[in-house]
1. Mind checking the full-extension length gain between residue 122 and residue 135? Use 0.36 nm per residue of separation minus the Cα-Cα distance, one decimal, nm.
2. Tell me which residues come under 5 Å, amide H to amide H, from residue 59 once H is placed; ignore anything under 5 positions away on its chain.
3. Can you figure out the FRET efficiency of residue 166 with residue 91, using R₀ = 30 Å and their beta-carbon distance, to the nearest 0.05?
4. Per residue, how much accessible area does the chain show when a 1.4 Å probe rolls over the protein heavy atoms, in square angstrom?
5. Under the classification rounded if a/c is under 1.5, otherwise prolate if a/b is larger than b/c and oblate if not, where does segment 56-173 fall, given a ≥ b ≥ c as square roots of the Cα gyration tensor eigenvalues?
6. At a 1.4 Å probe, what is the % contribution of carbon and sulfur to the accessible area of segment 19-77?
7. What FRET efficiency do you get for residue 69 and residue 106 if R0 is 41 Å and r is their Cβ-Cβ distance, rounded to the nearest 0.05?
8. Counting only DSSP beta bridges with both residues in the chain, what percent are antiparallel, rounded to the nearest 5?
Amino acid sequence: MTSTVSRFTVALTAVAGLPAVAGGLNVGVELPRLEVAEYHRPYVAVWLERADGTVAANLSVWYEVKKRDAEGAKWLKDMRQWWRRSGRELSVPIDGVTQPTKPAGKHALSFSEGSNPLPKLEPGQYKLQIEAAREVGGRELVSIPFEWPAKQATSLSAQGKTELGEIKLELKP
């Protein structure tokens, strides 16, 4: 009985695994180490924007999630571009999207199309948008334009100047 179940499971897995055509994105976000008198970890929003400027997906939002009385959420509006485009319409926390702030360093995010938070995208032009805002600091927005779906594995990057370091985008067909 066990061998029949095992063979059925293997066969079902093989058939179900055949049409694996969903693409994905890998995003690298560098938060530079800043030598300032008063340093606070930045709030960061990562989202995809369509060619017309509308938001296709909110991928990740980092903020102080454990502040008493959800006070950390009131500072999300300091990420002005993200806030105006979609943030003010959202109710945080958002499962699979919101996370605690991160320390200085390189951080990797990975998304598969069709899995939360990356929906199935229509073919076309998009921008990866990453915005950072820091208390007693500045704010910065870095954009990387790309075409979806990716015809081949592609690596793109952009360099922030103050609140963000190197931003990497890897497109997976």
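1. Numbers: separation 13, 0.36 × 13 = 4.68 nm, distance 3.66 nm.
Length gained, residue 122 through residue 135: 1.0 nm.
2. Under 5 Å from the amide H of residue 59: 46, 47, 48.
3. Numbers: r = 32 Å, r/R0 = 1.07.
After rounding, the FRET efficiency stands at 0.40.
4. Numbers: 10250 Å² over 173 residues.
That works out to 59 Å² for each residue.
5. Prolate, since a/c reaches 1.5 and a/b exceeds b/c.
6. C and S atoms contribute 50 percent here.
7. Numbers: r = 32 Å, r/R0 = 0.79.
With a Förster radius of 41 Å, E is 0.80.
8. 95
The values are calculated or read from the model by the stated rules, or taken from the named source; none is laboratory data. Please read these numbers as outputs of a predicted model, since none were measured by experiment. No Cβ is skipped: glycine too gets one built from the backbone with ideal geometry, and neighbour counts run over all protein chains shown. Please note that ligands, DNA and RNA were not included when accessible areas were found on the heavy atoms of the full protein model with its side chains. Shrake-Rupley method; radii C 1.70, N 1.55, O 1.52, S 1.80 Å.
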